[in-house]
Amino acid sequence: MGLRTYIITRIILTIPTLLLLLTAVFLIMRVLPGDPVALHFEKKATPETMEALRHILGLDKPLWQQYLDYVWGVIDIGYLIQHGYPNLGKSMQVTTEDVGGQIFSAFPATLELAIYAIIIAVVIGVLLGVASSKKYNSVPDHIIREFGIITYAVPIFFLGIILQLIFGVYLRWLPTGLRIAPTVEPPVSITGLYTIDSLIEGNLYKFIESVKALLLPSFTLGIILSGVFVRLTRTNMLETLRLEFVTAARARGLKESTVTYRYALRNAFLPVLTMMGLQFALLLGGAVLTETTFSWPGLGRYIVTRINFRDYTAIQGAVVMFGLFVTLVSLVVDILYAYLDPRIRL
Amino acid sequence: MKEENETRQSILARLIPGFVSLTKHGPSGWMVIIGLAIVVVIVVMTAIAPWVAPHDPIKSNVGPLASPPSWQFPMGTTALGQDMLSRILFGGSTMLQVSAISVLICFVIGVPLGLFSAYVGGNLDKTFSLIIDAVYAFPGLVIAIAIAAVLGPGVVNMALSIAVVYIPSYFRIIRSQVLSIKELTYVEAAKSIGAKWHSILFKYIFPNVVPSIVTVATVNFADAVLTAAGLTFIGLGVSVSIPDWGYDLTKGRELLSNGGWWVITFPGVMIILLALGFTFIGEGLSELLNPKLQR
Amino acid sequence: MLEVNSLTVDYLTRGGTIRAVDNVSFSLEKGETLGLAGESGSGKSTLGLSMIRLIPPPGRIVKGEIRIDEVNIVDLPESKMRVLRGRKVAYIFQDPMTSLNPVKKIGAHFVELIRTHEPDTKKEDALERTKKVLGLLGILPERMNDYPHQFSGGMRQRIMIGLGITLNPNLVIADEPTTALDVIVQAKILDLLENLRRVYGMALILISHDLSIILERCDRIIVLYAGNMVEYASSAELHKNPIHPYTQGLLRSIPNIELSDQRLSAIPGSPPNMLNPPKGCRFSPRCRHAEEKCSLMEPSLIDVGNNHFVKCFAADNEGAAVE
């Protein structure tokens, strides 16, 4: 089938997945705990206060109606256009604030962190994976493979804290938290990504400051993630390097570096791309811990703070956002894959 | 008494050749052995802690507050004056419990689900797969956080939230294995002699699926340890009265600015070791069971 | 231009050492075609790959020399060897379906080849030369921007051949150039090779298990069995006067379409286990003329006159030993 048909089919398939997602979150967050409002107050409030809150949040309506309201809130395009974010209800803690708004102001920070982390992870992973595959079964190969395994076993926040210690406290090279030093004003928000925005603004100083703040958290995440890519690249390269077109290329006298990169890696890379998409899911989970460690004002830290406040509507909204984002990313990855490899579209 | 000793001996007699044969399988075999050794040591350490630990891990002020490692307190003391060594000895128990329970839950739910879904096939299989895939794509920690936030702290709740994240992995792997085995001739042969579906499932298909289950289980264990630590870090872990590596890791942060490295380092290293131990077992096993490319 | 002396290639595997090529010597002049005939596992591919020193690990050349235009390539440093590959010696691989880079356009393959060996070539010149070669191959120049999977097997093999001759090498080795193709395309490919050889004047080594092709297209023939060169003669001589029982068996097993009542003849037995080859003459277990001494000692290569060499005791009577 053509690319267009594939895209349309794929998008249509996303709808039941999304519905499932929303339902699951609803079940977990609204049905499972019984009464979110009671949990919120931890039984320390009067019934009148609880009832009042319930009414504001619409939690006194019958369950099925709550469900419909909730689903409608997410897909309500009118609301989305008007406010710039979907209707995810109001915060339990500050009932005048929209959860959607809070989430969308926190989101770009996580996005920026995630993007840089994945780039670092892929670069480290692929380079090490290629090096490892070229020296099959040698000492460097084993070391690199061990590295891949060990990075996975290290808790993210532990690594983060250590790096903070070394670079932030002892060496004082890099800041240990916040997106940008408190003395510097953040750039005008166009994309929400400080690095890009400061470049758009033409302000080199702000750019450098935001990069400095990004370095530690994205490296922490990146190193932990790279393990998967090391292994994937290595396995795929080992397979590809023994294919005949690689030997044929050597037989034509092409340089070894050309053979490794333009012939072997380029063909082995496609699975890495898919894995990048899959890893995004892991990344969001990891971002929670990294953001908490580095006081990074993103969605992850938002969830954690909301948990401390027992703000269940906010937590629910954030989980939905995570889910939406993951679904979107996997959709994009699938389409990208089909675009790059025409054989898939069949 | 004599009979008991004899049984114990014969089990050992059977196990030891098994272990020895592992070493013959090259580096992968060694990986399994090292991993097993680490895990066993930690389990034993946790088990004998009540008898071996020099102090009560929860009791505060057994020593000077926040003092570095010394002869009296080899791993130093916490900000409340608790002995770190004792806390380390006891601290693994929560993690071990959480991982073990979560693996158990996954096993009890995920394995039969995968087996049946793949065996029955058809629309049932498609429906299950769709649901499971939706869960699978979700970032594990976020789900765990959501559930833990709702259910509250506690070993079982943590285990439950981790289990929910992992069931899809078991389901998928078992399902794909069963699907490939289902078509093999000897299963057809069994059907043709009128074997009942449950005996086919359990006698023919299940034994072949076991290797993959073991691999997933070990990864599950490792991940459970790390997720438990993560949950504790966020504040969704167990209560204060139980010594826990994750808890100390979190609390140890506060001492860092004054140069207090010991409260955070020892638990951190222990967590890494435990996770590594399980990972080694899993890596080694998967390499043994699915031999990689050979020159 | 090609001289091979006592070439021996071993594969050092975990199970033991396999001697894939055992003491092979021959020579080849410009414009000549040499055929390497033998079963699978006879060592013909390994022998071919030795000519460009691309024997896959764990294989190694353990003895002998290979002289291309007087230069012994066995000890040549890799950097110098790389210069020779594609330029002085070209190798055409067996399976055209897997020999081209799937994500590279056909034209790009040629341009890359040209600019690797002649880095000062301008892109336009490289493209011009590519078009010329494609013309010789019978491929429309517009197809330069197509990818390998858009071509049929026969076309891909032509592209491989094209890549081989673009830089006008002195020696081309074609490893089973027709095995993966159907019969009609086979003939076309062989004709193409023949034409190119005449135009460019290169030496050609043709490797095949199909003796009929070798007999038809080659000037001289080496028959390989279990890594050993058992017979080496001109094509005409081999056809007229095959001495080694294996060669005789091969010739007998070529079906003759004109004889209506012919039973297909085969050589009994199967190729030896190369990890533990038979003692003495490797062919003796399957040879109908085998005597006792055949399983005790290896025969030496014997010159029976007429530039015809045989490694068999049966030839003893007819000529003097060469080794």
For segment C:155-169, which positions are over 15 Å from the mean Cα position of the chain (by Cα) and buried (at least 18 other Cβ atoms within 10 Å of the Cβ)?
C:Met155, C:Arg156, C:Gln157, C:Arg158, C:Ile159, C:Met160, C:Gly162, C:Leu163, C:Ile165, C:Thr166, C:Leu167, C:Pro169
Restricting the first residue to segment C:94-105 and requiring it to be within 7 Å of chain A (Cβ to nearest Cβ), which pairs with a second residue that is crowded, with 23+ Cβ neighbours inside 10 Å and assigned to a loop (DSSP other than H, G, I, E, B) meet a Cβ separation below 7 Å and a spacing of at least six or different chains?
C:Ser99/C:Phe93
For segment A:1-22: of the residues being within 25 Å of B:Val142 (Cα to Cα) and touching a residue at least 24 places away in the same chain (Cβ under 8 Å), which is farthest from the other protein chains (Cβ to nearest Cβ)?
A:Ile11
Residue satisfying all of: in segment A:238-254; within 11 Å of chain B (Cβ to nearest Cβ) and hydrophobic (A, V, I, L, M, F, W, C); farthest from B:Asp223 (Cα to Cα) among these:
A:Leu241
Cβ-Cβ under 9 Å, sequence separation 6+ or interchain: first residue in segment A:289-315 and at positive phi, partner at pLDDT 80 or above. Which pairs?
A:Ser295/A:Arg301
Counted residues, segment C:276-317 - those being of a type in the set (A, V, I, L, M) and modelled with pLDDT of 80 or more:
6
Would you confirm whether or not segment C:43-61 contains a residue that is part of a helix (DSSP H, G or I), at the interface with another protein chain (Cβ under 10 Å from one of its Cβ atoms), in contact with a helix residue (DSSP H, G or I) (Cβ under 9 Å, 6 or more places away or on another chain) and within 19 Å of A:Lys255 (Cα to Cα)?
yes
Flag if C:Gly269 is more than 20 Å from C:Gly35 (Cα to Cα) and either small (Gly, Ala, Ser) or free of Cβ contacts under 8 Å to residues at least 24 places away in the same chain (or both)
yes
Among what's in segment B:245-283 and is of a type in the set (Asp, Glu) and touching a helix residue (DSSP H, G or I) at 6+ places or on another chain (Cβ under 7 Å), pick the residue that is nearest to the other protein chains (Cβ to nearest Cβ).
B:Glu283
Taking A:Gly202, is it at pLDDT 75 or above and touching a helix residue (DSSP H, G or I) at 6+ places or on another chain (Cβ under 7 Å)?
no
Looking only at segment B:142-170, which residues are closer than 20 Å to B:Phe233 by Cβ, in contact (Cβ under 8 Å) with a residue 60 or more places away in the chain and within 16 Å of the chain's Cα centre (by Cα)?
B:Ala144, B:Val155, B:Met158, B:Ala159, B:Ser161, B:Ile162, B:Ala163, B:Val165, B:Tyr166
Taking into account only those residues within segment B:136-153 that are more than 7 Å from chain A (Cβ to nearest Cβ) and not in a loop (DSSP other than H, G, I, E, B), which is nearest to A:Phe157 (Cα to Cα)?
B:Ala144
Where residues in segment A:111-169 are at the interface with chain B (Cβ under 10 Å from one of its Cβ atoms) and β-branched (Val, Ile, Thr), which of them is nearest to the chain's Cα centre (by Cα)?
A:Ile156
Out of B:Gly235, B:Gly230, I need the residue that is more than 18 Å from the chain's Cα centre (by Cα) and not hydroxyl-bearing (Ser, Thr, Tyr). Which one?
B:Gly235
Can you tell me which condition C:Arg156 does not meet? The list is (1) more than 9 Å from chain A (Cβ to nearest Cβ); (2) in a helix (DSSP H, G or I); (3) over 20 Å from A:Ala264 (Cα atoms); (4) of a type outside the set (A, V, I, L, M), and all the others hold.
(3)
Qualifying positions in segment C:62-78 - closer than 17 Å to A:Arg252 by Cα and either touching a residue at least 40 places away in the same chain (Cβ under 8 Å) or at the interface with chain A (Cβ under 10 Å from one of its Cβ atoms) (or both)
C:Ile68, C:Glu78
Single residue of A:Ala264, A:Ala251, A:Ala268 found to be touching a strand residue (DSSP E or B) at 6+ places or on another chain (Cβ under 6 Å), among the hydrophobic types (A, V, I, L, M, F, W, C) and farther than 18 Å from B:Pro139 by Cβ:
A:Ala251
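Residue by residue, here is whether (1) buried (at least 17 other Cβ atoms within 10 Å of the Cβ); (2) within 14 Å of chain B (Cβ to nearest Cβ) holds:
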residue: A:Val230; (1), (2): yes, yes
residue: A:Glu256; (1), (2): no, no
residue: A:Leu265; (1), (2): yes, no
residue: A:Ala268; (1), (2): yes, yes
residue: A:Thr293; (1), (2): yes, yes
residue: A:Arg306; (1), (2): yes, yes
residue: A:Gly323; (1), (2): yes, yes
residue: A:Val333; (1), (2): yes, yes
Taking helices (runs of 4 or more DSSP H) that fall entirely within segment C:159-276, which contain at least 1 residues that are of a type in the set (Val, Ile, Thr) and farther than 22 Å from C:Ser6 by Cα?
C:183-200, C:211-217
For segment A:297-307, does any single residue satisfy the condition of being basic (Lys, Arg) and farther than 24 Å from B:Phe233 by Cβ?
no
What number of residues within segment A:308-321 are of a type outside the set (Gly, Ala, Ser) and more than 9 Å from chain B (Cβ to nearest Cβ)?
5
Criterion (on the phi > 0 side of the Ramachandran plot and away from chain A (no Cβ under 14 Å)) met by exactly one of B:Ala100, B:Ala118, B:Ala66, B:Ala79:
B:Ala66
With the condition kept exactly as written, say whether any residue in segment A:240-263 is under 27 Å from the mean Cα position of the chain (by Cα), at pLDDT 85 or above and over 16 Å from C:Pro56 (Cα atoms).
no
Kindly indicate which of A:Ala318, A:Ala287 is surrounded by 20 or more Cβ atoms within 10 Å (Cβ to Cβ) and within 12 Å of the chain's Cα centre (by Cα).
A:Ala287
Go through the residues of segment A:196-217 one by one and say whether even a single one is within 12 Å of another protein chain (Cβ to nearest Cβ) and either touching a strand residue (DSSP E or B) at 6+ places or on another chain (Cβ under 8 Å) or closer than 26 Å to A:Ser132 by Cβ (or both).
no
Odd one out for A:Gly286, checked against (1) touching a strand residue (DSSP E or B) at 6+ places or on another chain (Cβ under 9 Å); (2) at pLDDT below 80; (3) of a type outside the set (A, V, I, L, M)
(1)
For segment C:168-188, name all the residues that are out of contact with any Asp or Glu (no Cβ under 8 Å at 6 or more places or on another chain) and either modelled with pLDDT of 85 or more or within 27 Å of C:His117 (Cα to Cα) (or both).
C:Asn168, C:Pro169, C:Leu171, C:Val172, C:Ile173, C:Ala174, C:Asp175, C:Glu176, C:Pro177
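The values are calculated or read from the model by the stated rules, or taken from the named source; none is laboratory data. Computed from a predicted model, the values in this text were never measured in an experiment. No Cβ is skipped: glycine too gets one built from the backbone with ideal geometry, and neighbour counts run over all protein chains shown.
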